[in-house]
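Q: Below you'll find the structure I mean.
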Amino acid sequence: MTFQPLELVLISTPIGFLGSGKGGGVELTISSLVKGLLALNHKVTLVAPEGSFLPSGCSKAQVIHVSGVDQPSWQHRPLEAPVQIPCDGVLPKLISKALEVGRDADAVLNFGYDWLPVWLTSRVEVALFHLISMGNVSNAMKSEIEELFKYQKGRLAFHTYRQASDYSLSSQPIVLGNGFDLSNYNFQLDNTGPLGWAGRVAPEKGLEDAVSVASSLGDKLLVWGIIEDPEYASEIEKSCSEGIIEWRGFLKTNDFQKELGACRAFLNTPKWNEAYGNVVVEALACGVPVVAYDRGGPGELIIQGLTGFLVTPDDVNSMKKAVSQIVRINRKDCRSWVERSASHENFARSIVNWIKGDISIRRAYI
Ligand code: UDP
């Protein structure tokens, strides 16, 4: 069978430029996927906010920049909040550019968690697909996703089953996991380092619980990530003794993984139904075992007793006990799991199969 490369147009998140960290895990998902798709010889155009950049090794992808005001993030608005598009918003401009350049492409793949692109799917000729990056944080988004699923379920994919379970879907959804460029993560064997935590510093990420575990063990907790909510961060800082938290800032992947890999254990304490949990897999890729709440994506990523421990959500004492057992985990098993289950090449293949599956159905009807 001859290889048929796809021509794909990707729409980046409308929250911050790619590389800013404001978009959260979706930024790494996009960069890793572009690299994976190029390695498989597919043609990629990325439409992204001004300032966006792709990592090295992606020069074959075309990047089209669009300027405009960021979308407000849904997870920081009430569940019943209405759809909002700011004046001069970047979201409609990203979509309009992607629909224009994607007219002759095989598919346009949207990564922005927003109402407008989902609503447009059945109203445009272009084959518009969506990799949904969050669980349910908005009634407006939930009903639009459920509506699209009823008629064009092949246009939607999710990262994990737990994420997808937030939506009332009439049949099994497409679940694709995520992918990581493993050449960016070095395995580290030493298991005597500090504890680590990473993510956007915002209430849904539950940093306070990880701090409480570190405090009760008298351990240092290294914290990486963008401080989205400075008031919340300062409350946490006040709640513990000096020297427990070491704020490391938001680092580029290369520097992040070097520091991350030196940790003895990585703590993951989501208070929401985490869609996937990139940082969990990044820690494992460096050989760092993870202790996480059994909630959302991380519950599908960690193999109990092999790559870390899952504990009852919000149970700080159980987390503390699990951390004290962490030497039982073989760090090589953590890295091996990522190599088997979450490489960017495998993820790119899954994305291509998903898209090819649906466009072939569509072509059969045209
Ligand atoms: N991250 C980073 N540098 C840091 C800390 C975090 O690049 O110093 C990135 C990390 O690689 C991950 C993202 O921040 O891709 C957080 O994504 P995650 O899926 O864990 O959570 P989200 O922010 O999407 O809720």
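Q: Tell me, please, whether a residue that is within 19 Å of residue 77 (Cα to Cα), acidic (Asp, Glu), surrounded by fewer than 23 Cβ atoms within 10 Å (Cβ to Cβ) and at pLDDT 95 or above can be found in the stretch 231-240.
A: Yes, there is a match, as at least one residue in the stretch 231-240 is within 19 Å of residue 77 (Cα to Cα), acidic (Asp, Glu), surrounded by fewer than 23 Cβ atoms within 10 Å (Cβ to Cβ) and at pLDDT 95 or above.
Q: How many of the residues making up the stretch 249-275 are aliphatic (A, V, I, L, M), open to solvent by 10 Å² or more (accessible area, probe 1.4 Å) and within 29 Å of residue 74 (Cα to Cα)?
A: Step one: of the stretch 249-275, the residues aliphatic (A, V, I, L, M) are 251, 260, 262, 265, 267, 275.
In the following step, the residues that additionally are open to solvent by 10 Å² or more (accessible area, probe 1.4 Å) were identified as 251, 262.
Checking the rest, the ones that are also within 29 Å of residue 74 (Cα to Cα) come to 251.
Within the stretch 249-275, residues that are aliphatic (A, V, I, L, M), open to solvent by 10 Å² or more (accessible area, probe 1.4 Å) and within 29 Å of residue 74 (Cα to Cα) number 1.
Q: Does the stretch 287-303 contain at least one residue that is free of Cβ contacts under 8 Å to residues at least 60 places away in the same chain, in a strand (DSSP E or B) and out of contact with any strand residue (DSSP E or B) (no Cβ under 6 Å at 6 or more places or on another chain)?
A: No: zero hits.
Q: Let me ask something else about it. So for the stretch 166-176 (the condition being β-branched (Val, Ile, Thr), in contact (Cβ under 8 Å) with a residue 12 or more places away in the chain and open to solvent by less than 20 Å² (accessible area, probe 1.4 Å)), does at least one residue qualify? Break it down into steps so the answer makes sense when it comes.
A: Step one: list which residues in the stretch 166-176 are β-branched (Val, Ile, Thr), which gives 174-175.
Those still in the list that are in contact (Cβ under 8 Å) with a residue 12 or more places away in the chain too: 174-175.
Still in the running and open to solvent by less than 20 Å² (accessible area, probe 1.4 Å): none.
No, the stretch 166-176 contains no residue that is β-branched (Val, Ile, Thr), in contact (Cβ under 8 Å) with a residue 12 or more places away in the chain and open to solvent by less than 20 Å² (accessible area, probe 1.4 Å).
Q: I've got another one for you. Pairs, please: C-beta under 8 Å, at least 6 apart or cross-chain, first residue within 9 Å of residue 233 (Cα to Cα) and in the stretch 198-212, second within 10 Å of the ligand (Cβ to nearest atom) and assigned to a helix (DSSP H, G or I)?
A: 202/75
Q: So how many residues does the stretch 8-35 have that are open to solvent by 10 Å² or more (accessible area, probe 1.4 Å), of a type in the set (A, V, I, L, M) and within 13 Å of residue 51 (Cβ to Cβ)?
A: 1
Q: Ok, one more. Identify, please: which residue in the stretch 72-92 is of a type in the set (A, V, I, L, M, F, W, C) and assigned to a loop (DSSP other than H, G, I, E, B) and is, among those, least open to solvent (accessible area, probe 1.4 Å)? Give the steps one after another, and end with the answer.
A: Here is the first cut: in the stretch 72-92, the residues of a type in the set (A, V, I, L, M, F, W, C) are 74, 79, 81, 83, 85, 87, 90-91.
Next, only the ones that are assigned to a loop (DSSP other than H, G, I, E, B) stay: 79, 81, 83, 85, 87.
Details: 79: 81, 81: 10, 83: 59, 85: 76, 87: 121 Å².
Of everything passing the filter in the stretch 72-92, 81 is least open to solvent (accessible area, probe 1.4 Å).
Q: Within the set of pairs 6 or more residues apart or between chains, which connect a residue that is among the small types (Gly, Ala, Ser) inside the stretch 249-265 to a residue that is within 11 Å of the ligand (Cβ to nearest atom) with Cβ atoms less than 8 Å apart?
A: Final answer for the pair search is 249/224; 261/185; 265/196.
Q: If you don't mind, another one. Within the stretch 4-23, track down each residue that is within 14 Å of the ligand (Cβ to nearest atom) and either of a type in the set (A, V, I, L, M, F, W, C) or under 14 Å from residue 178 (Cα atoms) (or both).
A: Across the stretch 4-23, the qualifying residues are 15, 17, 18.
Q: Inspect the stretch 93-105 for any residue being surrounded by 17 or more Cβ atoms within 10 Å (Cβ to Cβ) and within 15 Å of residue 23 (Cβ to Cβ) and give the result as yes or no.
A: So far as the stretch 93-105 goes, yes, one or more of its residues are surrounded by 17 or more Cβ atoms within 10 Å (Cβ to Cβ) and within 15 Å of residue 23 (Cβ to Cβ).
Q: Ok, one more. Which of the residues that make up the stretch 96-142 are of a type in the set (D, E, K, R), in a helix (DSSP H, G or I) and over 21 Å from residue 33 (Cα atoms)? So that I can check it myself, show each step before the final result.
A: Initially, the stretch 96-142 is screened for residues of a type in the set (D, E, K, R), giving 97, 100, 103-104, 106, 114, 123, 125, 142.
Within this subset, residues satisfying the condition of being in a helix (DSSP H, G or I) are 97, 100, 123, 142.
Of everything in the stretch 96-142, those that are of a type in the set (D, E, K, R), in a helix (DSSP H, G or I) and over 21 Å from residue 33 (Cα atoms) turn out to be 100, 123, 142.
Q: Looking at (1) in contact (Cβ under 8 Å) with a residue 60 or more places away in the chain; (2) open to solvent by 20 Å² or more (accessible area, probe 1.4 Å); (3) not aliphatic (A, V, I, L, M), which is the one condition that is false for residue 111?
A: Of (1) in contact (Cβ under 8 Å) with a residue 60 or more places away in the chain; (2) open to solvent by 20 Å² or more (accessible area, probe 1.4 Å); (3) not aliphatic (A, V, I, L, M), only one is false for residue 111: (2).
Q: While we're here: Which residue is farthest from residue 10 (Cα to Cα), if the candidates are limited to the stretch 152-165 and must be among the basic types (Lys, Arg) and crowded, with 21+ Cβ neighbours inside 10 Å?
A: If we filter the stretch 152-165 for residues that are among the basic types (Lys, Arg), which is where we start, we get 153, 155, 162.
With the extra rule that they be crowded, with 21+ Cβ neighbours inside 10 Å, the set shrinks to 155, 162.
On the way: 155: 14, 162: 25 Å.
Only one residue fits best here, namely 162.
Q: Going by the conditions given, is residue 314 more than 16 Å from the ligand (Cβ to nearest atom), within 30 Å of residue 137 (Cα to Cα) and part of a loop (DSSP other than H, G, I, E, B)?
A: Working: more than 16 Å from the ligand (Cβ to nearest atom): yes; within 30 Å of residue 137 (Cα to Cα): yes; part of a loop (DSSP other than H, G, I, E, B): yes.
Criteria met by residue 314.
Q: Quick one: in the stretch 287-304, of everything that is aliphatic (A, V, I, L, M) and within 14 Å of the ligand (Cβ to nearest atom), which residue is surrounded by the most Cβ atoms within 10 Å (Cβ to Cβ)?
A: Within the stretch 287-304, the first condition is being aliphatic (A, V, I, L, M), and the residues that meet it are 288, 290-292, 301-303.
Next cut, within 14 Å of the ligand (Cβ to nearest atom) only: 288, 290, 292, 301-302.
On the way: 288: 30, 290: 28, 292: 28, 301: 28, 302: 25.
The selected residue is 288.
Q: Still on this structure, I have one more. For the stretch 126-151, which positions are open to solvent by 10 Å² or more (accessible area, probe 1.4 Å), over 21 Å from residue 23 (Cβ atoms) and of a type in the set (A, V, I, L, M)?
A: Scanning the stretch 126-151 gives 126, 148.
Q: Name the residues in the stretch 24-60 that are within 12 Å of the ligand (Cβ to nearest atom) and in contact (Cβ under 8 Å) with a residue 24 or more places away in the chain, would you? It would help to see each step written out before you state the result.
A: In the first step, residues of the stretch 24-60 are kept if they are within 12 Å of the ligand (Cβ to nearest atom); the result is 24-32, 55.
Within the stretch 24-60, 24, 25, 26, 28, 29, 30, 31, 32, 55 qualify.
Q: Can you tell me which of (1) of a type in the set (Ser, Thr, Tyr); (2) under 30 Å from residue 34 (Cα atoms); (3) open to solvent by 10 Å² or more (accessible area, probe 1.4 Å) is the one residue 307 doesn't meet?
A: (3)
Q: Identify all residues within the stretch 41-71 that are open to solvent by 40 Å² or more (accessible area, probe 1.4 Å) and of a type outside the set (Gly, Ala, Ser); write none if there are none.
A: 41, 43, 50, 53, 55, 60, 62, 63, 65, 69, 70
The values are calculated or read from the model by the stated rules, or taken from the named source; none is laboratory data. The structure displayed is predicted, hence computed values, not measured ones. Ideal geometry is used to build each Cβ from the backbone, glycine not excepted, and the neighbour counts take in all protein chains shown. What goes into the accessible areas is simple: the full protein's heavy atoms, side chains included, and nothing from ligands, DNA or RNA. Shrake-Rupley method; radii C 1.70, N 1.55, O 1.52, S 1.80 Å.
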